[in-house]
Amino acid sequence: MTADATWHKTACILCENNCGIQVQLDGRRFAKIRGDQEHVATGGYTCNKALRLDHYQNGGTRLTSPLRREKDGTFTPVDWDTAISEITARLKTVRDTHGGKSVFYYGGAGQGNHLGGAYSGALLRALGARYRSNALAQEKTGEGWVDAHLTGGHTAGDFEHAEVAVFLGKNPWQSHGVPRARTVLKQIAKDPARTMIVIDPVRTETADLADIHLQVRPGTDAWCLAGILAVLVQEDLVDHTFLEARTTGADTVLDHLKTVHIARCAEVSGLEEDLLRTTARRIAAASSVSTYEDLGVQQGPNSTLVSYLNKLIWLLTGNFAKPGAMHPHSWVVPLAHYDTDPRRTPVTGARMPGGLVPCNVIAEEILTDHPERFRAMIIESSNPAHSLADSAAFSEALAALDLVVVIDIALTETGRQADYVLPAASQFEKWEATFFAFEFPRNTFHLRAPLLDPLPGTLPEPEIHARLLRELGGAPRVPLTVLRTAARLGRTPFKLAFAAVVALDKKLLGMAPYLLYETLGPTLPAGARPAAVLWALAQRIAKTYPAAMRRAGHTSADALFDAMLGGRSGVTFTEDEYADAWNYVPHPGRRIPLPIPELLGLLADLDTTPAVHTSDDFPIVLAAGQRRASTANTIFRDNTWRKRDQQGALRVSPRDAEQLGLADGALAQITTSRGTAQAVVEIDDRLQPGHAALPNGFGLDLPVADGATERTGVALNTLTDLTWRDPIAGTPWHKHVPARIAPLPA
Ligand SMILES: Nc1nc2c(c(=O)[nH]1)N[C@H]1C(S)=C(S)[C@@H](COP(=O)(O)OP(=O)(O)OC[C@H]3O[C@@H](n4cnc5c(=O)[nH]c(N)nc54)[C@H](O)[C@@H]3O)O[C@H]1N2
Ligand SMILES: Nc1nc2c(c(=O)[nH]1)N[C@H]1C(S)=C(S)[C@@H](COP(=O)(O)OP(=O)(O)OC[C@H]3O[C@@H](n4cnc5c(=O)[nH]c(N)nc54)[C@H](O)[C@@H]3O)O[C@H]1N2
Ligand code: SF4
Ligand SMILES: [Mo]
């Protein structure tokens with residue numbers, strides 16, 4: 001096969017930034033990869049990892065046939081028709097016996113693929129299923145619940161322009177999240193007028209660039225932030241004009257903060273009181289402040305409270321809806337529901353912020369003897385048997401279900417425990433996109449065209465959903481016929497027909513993705529049938545943000561849809577003006593209500609809240625899941641993509657290494673309340689004594705010869721505990737696992 005000199009445009013699928021890239025193909029191999037300078041959001045930027053994407057496309061062992069598990073536990077390859085009809089029959093049995101609500105959907109989206117999940121709603125609607133979850137429910141749902149109360153929706157920072165940038169439990173040098181992170185971080189670092197503040201127990205690569213590094217004791221961010229807030233209030237550094245004009249209930253919040261003991265906060269978090277005061281004063285003096293909180297706090301003690309305190313810092317200083325500050329934004333489609341009073345799970349009654357079942361209660365929801373327990377699970381584009389806390393409990397839960405269906409490109413740790421595994425086309429073999437569009441004032445979206453045909457035997461998820469729905473008898477025939485005919489006549493007749501069809505039968509609105517796939521889909525150019533759902537999303541954008549859409553250059557929903565279909569380097573779909581930011585605040589008078597009584601209660605309780613969770617048995621705080629240059633969730637199922645850190649080293653501080661007798665490069669045994677594991681030690685003076693870190697993404701069971709598998713590095717969630725979770729959002733404390741570490745003889 002000869003190499004083809006054409007550069008094909010697509011995007012990196014390894015993190016939420018989805019940097020635009022170009023690929024030269026050699027047959028099915030990615031011969032060369034480079035940034036796409038024309039990309040609307042990333043302009044040619046990539047990090048080291050994008051260049052390794054051939055290991056995703058060609059490195060692992062792909063599934064090429066649906067698999068059915070037999071009674072003896074072995075898998076038999078079956079054809080698609082057999083798989084679809086058997087799965088449908090079994091789903092119907094579960095529904096008819098236990099109700100549609102007992103079918104539980106997990107996943108639907110990874111770092112690079114959200115289009116498949118966009119079709120799942122129709123399948124769930126047809127089954128009468130009501131519960132779903134995904135990885136957001138083990139990281140972002142506490143923050144989302146706070147957002148629901150305050151600004152009413154998601155906010156993001158403007159780090160390109162912020163005078164002061166705050167990174168709280170976030171290491172963007174490695175994990176990105178901030179678009180073009182390394183460039184932006186370097187720009188802030190070299191500008192004397194700008195200040196970077198990093199709050200992290202580890203001296204990270206980001207902290208190396210910071211002006212102020214608050215090297216907190218692990219798990220004590222609530223005290224650190226309460227201390228900063230108390231300085232703002234007690235030294236009267238808050239923005240009273242903003243508070244009076246734009247918020248409600250500020251006095252209640254200020255009164256709480258007046259009583260916070262700053263010296264004690266400094267002591268608990270292991271910081272000098274002076275440093276807390278300097279930090280607060282720098283924030284207050286800035287013309288703009290942006291903050292980014294991530295897993296270091298969202299997967300640690302007091303996480304929902306910490307999210308609240310973080311947001312109060314920029315709200316009390318008026319850093320909302322202006323350049324360089326925090327801003328709300330438009331959505332292609334919201335990734336979660338923003339609800340202050342979320343519904344509850346059927347069995348344990350856990351709150352479901354974001355509309356998602358907290359990951360840490362899933363096993364209990366299944367294993368508890370209760371009439372409404374989940375009976376079947378559809379798992380798509382994620383690997384919960386590896387990524388959810390307490391893998392053993394999750395495996396037990398899977399075994400207790402009547403039916404488990406996994407949709408993935410490879411046979412994963414989760415797939416191996418399924419009744420059926422359905423092979424998906426890879427993210428470079430189908431039309432794909434993500435809905436990680438968080439920018440303001442210009443927000444962008446990128447629909448990627450396939451670089452390759454689907455590997456024989458695989459199907460794109462929208463087609464898998466459609467086949468399941470056809471077999472289920474998902475939609476009545478008449479509307480399908482009407483819509484098909486209208487689609488052939490053109491977009492305007494189609495729009496009218498669609499409106500008429502859903503007006504006659506409101507239930508069909510929930511089936512919209514499927515209806516579009518079946519009717520408009522086949523008329524789309526270049527086989528872009530899976531993009532049909534974007535037609536509805538373009539209508540939504542036109543209806544929700546009409547002026548911003550027009551400012552971005554789209555005269556109608558259909559014009560936007562066409563721009564999405566054709567924009568190989570992405571499109572700007574909305575362009576706001578700064579004052580418009582307030583229109584995103586849904587509360588009365590567009591004011592931000594500051595008090596969240598439940599969290600103010602937790603703030604008041606900090607004096608008696610434990611700040612230390614280690615014990616004599618488990619004296620070390622293990623951060624189970626550090627992002628490194630050599631990790632990318634479990635997207636690569638091929639260890640050879642890594643150039644360094646191939647074993648996934650356990651990083652420990654020099655003092656702990658000495659006290660525990662651990663040698664650099666030697667093996668150590670890690671023990672927690674739930675399990676043990678072994679790892680290679682790396683002595684790292686970036687860590688403070690008593691703190692250790694393991695990388696995420698390791699510990700996959702990858703096929704070797706003769707059907708056997710081999711594990712490299714630690715499967716983190718063999719070590720984590722389900723009950724170790726936030727009381728409000730149920731999010732896990734993966735970054736704060738009490739552990740014991742001991743040397744192992746070589
Ligand atoms: N290279 C790489 N990049 C990735 C990913 C990947 O796998 N690899 N995954 C992507 C995903 S899914 C996500 S969610 C993001 C996550 O991105 P991040 O949240 O930035 O990643 P982490 O390394 O898990 O945690 C961030 C920091 O929290 C710190 N930390 C640990 N304990 C505490 C604490 O008690 N308090 C404070 N303040 N900080 C603490 C750690 O030292 C670490 O530096 O990364 C994304 N980007
Ligand atoms: N202990 C601990 N646990 C953690 C974390 C931690 O830091 N510590 N981090 C948590 C976080 S923040 C996250 S986001 C989760 C991530 O964990 P998961 O949500 O489970 O997601 P990924 O690891 O990204 O797994 C993606 C899956 O999608 C499959 N895949 C790839 N492309 C396609 C495709 O086109 N179609 C389909 N159907 N499948 C595809 C891959 O083979 C892989 O199985 O892990 C969480 N778990
Ligand atoms: S920052 Fe790196 S991993 Fe993230 S999308 Fe861009 S190239 Fe990929
Ligand atoms: Mo994540």
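A few comments on the model shown:
- Among residues of segment 43-63 that are within 13 Å of ligand 2 (Cβ to nearest atom), none has a beta-carbon under 8 Å from a residue that is open to solvent by 40 Å² or more (accessible area, probe 1.4 Å) and of a type in the set (Gly, Ala, Ser) at least six positions away or on a different chain.
- Condition check for residue 380: among the acidic types (Asp, Glu), more than 16 Å from ligand 2 (Cβ to nearest atom) and out of contact with any Lys or Arg (no Cβ under 7 Å at 6 or more places or on another chain): no
- Some residue of segment 635-652 being within 16 Å of ligand 4 (Cβ to nearest atom) and closer than 21 Å to residue 49 by Cα: yes
- Some residue of segment 22-30 being away from ligand 3 (no atom under 16 Å from the Cβ), touching a His at 6+ places or on another chain (Cβ under 8 Å) and within 30 Å of residue 631 (Cα to Cα): yes
- Qualifying residue in segment 26-40 (condition: open to solvent by 20 Å² or more (accessible area, probe 1.4 Å), within 16 Å of ligand 2 (Cβ to nearest atom), within 23 Å of the chain's Cα centre (by Cα) and not assigned by TED's automatic domain parsing to the domain that holds residue 630): no
- Test: residue in segment 304-318 that is open to solvent by less than 10 Å² (accessible area, probe 1.4 Å) and assigned to a loop (DSSP other than H, G, I, E, B): yes
- Here residue 416 does not qualify as basic (Lys, Arg) and more than 17 Å from residue 68 (Cβ to Cβ).
- Out of 221, 200, 211, 239, sole residue that is closer than 25 Å to residue 358 by Cα and touching a residue at least 12 places away in the same chain (Cβ under 8 Å): 221
- Residue check, residue 17 under 26 Å from the mean Cα position of the chain (by Cα) and more than 16 Å from ligand 3 (Cβ to nearest atom): no
- Test: residue in segment 120-133 that is within 30 Å of residue 210 (Cα to Cα) and hydrophobic (A, V, I, L, M, F, W, C): no
- Residues satisfying the stated conditions in segment 615-627, i.e. out of contact with any helix residue (DSSP H, G or I) (no Cβ under 6 Å at 6 or more places or on another chain) and surrounded by 18 or more Cβ atoms within 10 Å (Cβ to Cβ): 620, 621, 622, 623, 626
- Per-region count, segment 278-296, residues part of a helix (DSSP H, G or I) and crowded, with 20+ Cβ neighbours inside 10 Å: 6
- Residue pairs meeting the criteria (Cβ under 6 Å; at least 6 apart or on separate chains; first away from ligand 4 (no atom under 16 Å from the Cβ), in segment 8-29; second modelled with pLDDT under 95): 25/4; 26/3; 27/1
- Count of residues meeting criterion [within 22 Å of residue 87 (Cβ to Cβ) and open to solvent by 70 Å² or more (accessible area, probe 1.4 Å)] in segment 471-493: 1
- Residue 681 of a type outside the set (Lys, Arg), in contact with an Asp or Glu (Cβ under 7 Å, 6 or more places away or on another chain) and modelled with pLDDT under 95: no
- Every residue from segment 587-623 that is of a type in the set (Val, Ile, Thr) and either more than 27 Å from the chain's Cα centre (by Cα) or under 30 Å from residue 660 (Cβ atoms) (or both): 608, 609, 612, 614, 620, 621
- Filter result (free of Cβ contacts under 8 Å to residues at least 12 places away in the same chain and either assigned to a helix (DSSP H, G or I) or within 16 Å of ligand 4 (Cβ to nearest atom) (or both)) within segment 64-90: 81, 89
- Segment 628-661, subset over 24 Å from residue 300 (Cβ atoms) and in contact with a strand residue (DSSP E or B) (Cβ under 6 Å, 6 or more places away or on another chain), residue least open to solvent (accessible area, probe 1.4 Å): 637
- No other residue among 631, 608 is closer than 30 Å to residue 689 by Cβ, more than 16 Å from ligand 1 (Cβ to nearest atom), among the polar types (S, T, N, Q) and not assigned by TED's automatic domain parsing to the domain that holds residue 386 apart from 608.
- When residue 678 is tested against the conditions (1) open to solvent by 30 Å² or more (accessible area, probe 1.4 Å); (2) outside any strand (DSSP E or B); (3) within 25 Å of residue 644 (Cα to Cα), the lone failure is (2).
- Test: residue in segment 131-144 that is more than 19 Å from residue 17 (Cα to Cα), aliphatic (A, V, I, L, M) and crowded, with 23+ Cβ neighbours inside 10 Å: yes
- Strands (runs of 3 or more DSSP E) (entirely within segment 379-480) containing at least 2 residues that are modelled with pLDDT of 95 or more and more than 30 Å from residue 718 (Cβ to Cβ): 442-445
- Members of segment 498-532 that are assigned to a helix (DSSP H, G or I) and over 23 Å from residue 431 (Cα atoms): 498, 499, 500, 501, 502, 503, 504, 506, 507, 508, 509
- Filter result (outside any loop (DSSP other than H, G, I, E, B) and either within 12 Å of ligand 1 (Cβ to nearest atom) or over 23 Å from residue 44 (Cα atoms) (or both)) within segment 186-216: 195, 196, 197, 198, 199, 205, 206, 207, 208, 212, 213, 214
Matching residues to (1) touching a His at 6+ places or on another chain (Cβ under 9 Å); (2) in a loop (DSSP other than H, G, I, E, B):
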{"position": "219", "(1), (2)": "yes, yes"}
{"position": "222", "(1), (2)": "no, no"}
{"position": "230", "(1), (2)": "yes, no"}
{"position": "236", "(1), (2)": "no, yes"}
{"position": "244", "(1), (2)": "no, no"}
{"position": "253", "(1), (2)": "no, no"}
{"position": "256", "(1), (2)": "no, no"}
{"position": "264", "(1), (2)": "no, no"}
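- Breaking point among (1) open to solvent by less than 10 Å² (accessible area, probe 1.4 Å); (2) within 22 Å of residue 596 (Cα to Cα); (3) not in a loop (DSSP other than H, G, I, E, B), for residue 300: (3)
- Where a residue in segment 302-319 is within 16 Å of residue 167 (Cβ to Cβ) and of a type in the set (Gly, Ala, Ser) and its partner, wherever it lies, is assigned to a helix (DSSP H, G or I) and open to solvent by 10 Å² or more (accessible area, probe 1.4 Å), with Cβ under 7 Å and at least six apart: 307/143
- Residue within segment 137-148 that is out of contact with any strand residue (DSSP E or B) (no Cβ under 7 Å at 6 or more places or on another chain), assigned to a loop (DSSP other than H, G, I, E, B) and not assigned by TED's automatic domain parsing to the domain that holds residue 95 present: yes
The values are calculated or read from the model by the stated rules, or taken from the named source; none is laboratory data. Since the model is a prediction, treat every value here as computed from it, not as a measurement. Reconstructed Cβ throughout: ideal geometry from the backbone, glycine too, with neighbour counts over all protein chains shown. In case anyone asks, the SASA skips ligands and DNA or RNA and just uses the protein heavy atoms, side chains included. Shrake-Rupley method; radii C 1.70, N 1.55, O 1.52, S 1.80 Å.
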